[in-house]
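Only one structure is covered here, and it is reproduced in the block below.
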Amino acid sequence: MRLEILELQCPKIYDKIFKHKSVVKLQVLSQSKILGEDIQEKQKVAEVTEGIIDSTRSGYVPVATLASILYFCVSGMFHQSSASHPVQHFCL
């Protein structure tokens, strides 16, 4: 209601107000678009990095498996013969 009255009474002021608002809206939209494109680029880089990390991580699985087997073998071996101190068990 107020906007209609303003438009009828002062069309120049009305035009200036809404042209300014539309310019601001366009600036916000263009900044949002730029930010969205930047985020998409960063997501692509993150996906590539994640793939590299996953492939590197999978390379450590066999070593970790063997290390855990070795640990429990040595632990079981010294647990059966507890003649030595527990701290000395892993000082090989």
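Tell me the label-point distance for the pair K33, T65, using the 7 Å Cα-to-Cβ offset, in nm and rounded to one decimal. Taking the two extended label points, one gets 5.2 nm.
Computed from label points 7 Å out along Cα-Cβ, the spacing between V45 and R57 is 2.1 nm.
Values quoted throughout were computed directly from the atomic coordinates according to the rules given, and no laboratory measurement underlies them. Not measured: the values here are computed from a predicted model. Don't worry about glycine lacking a Cβ; one is built from the backbone with ideal geometry, like all the others, and counts go over all protein chains shown.
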